[in-house]
Ligand SMILES: [Zn+2]
């Protein structure tokens, strides 16, 4: 467990969110906690841009939209409105990086196996582009901390964000890798991801942060994404979408990693 002084040691917190909703789900408690200190707290949504104009949507993308209950023309605007609502709850700023969701990147990813498989070979440069889009100085600033996904579950967009975090850590930036939810709720998912990273980018345990006083803010933030709740909780987790069912499924995991007190857990790149 970690105390306030470690969290207050940095004055700027930058949360890297592959998609709209990832921060609320995975580390919304910590985001609310550091924002409550008055520290500058920003969420960078990496893959949140509109699909390319004039390019037809894949059947897979259309099926995803149907699952969210959103028409193609309103998807991005609706999801940005959800992000803004969650940001108000957590007390964070939002920035939008210039990349598109995997389901809009041509026909590289057209089913769940693609989505949770290895990134396409021609996307090897994306992690470097993500880092470049953050507009950072050459020399690492130790008053800034980045929170990036560990990539549990293996979604390609999350893997790209993990790889961007590894680049940042190797350049000397302070990077905490968060456990991706809901994916980490599945037994073995975390272990499988740690194992897949072990050869080239091994991770070691980092802080576990209690989030008790910010629990309700986290759940409020998750509920600020109504278009996503069916897909995440009913289809992926296998529970209902009432506040109580959502909170219970997340709480069980948060209390397990926190030894009985709700917490969010982080990892670091091993030296
Ligand atoms: Zn995501």
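Just so it is clear, none of the values below were taken in a lab; they were calculated from the coordinates. Bear in mind that the values here come from a model prediction, so they are computed numbers and not experimental data.
Bridge orientation summary for the chain: considering DSSP beta bridges with both residues in this region, about 30 percent are antiparallel. Using just its DSSP H runs of length 4 or more, each adding -39500 (n - 2.57), the chain gives a mean residue ellipticity at 222 nm of -12000 deg cm²/dmol after division by all residues.
Inter-part distance, segment 230-270 to segment 162-183, computed on C-alpha centroids, equals 20 Å. Extents of the chain, largest first, come to 51, 44, 34 Å (Cα atoms, principal axes, whole angstrom).
Counting only the Cα atoms, segment 1-135 fills a convex hull of 135 Å³ per residue. Relative contact order, whole percent, for segment 4-269 stands at 24, derived from Cα pairs under 8 Å and 6 or more residues apart.
Between segment 91-148 and segment 45-80, the alpha-carbon centres lie 17 Å apart.
Which percent of the Cα-Cα distances in segment 185-249 go past 17 Å?
Result for the distance tail: 58 percent.
Across the alpha-carbon set of segment 119-199, the Rg to Rh ratio works out to 0.99, Rh being the Kirkwood radius. Shape analysis of segment 71-172 based on the Cα gyration tensor places the equivalent ellipsoid semi-axes at 24, 21, 12 Å, largest first.
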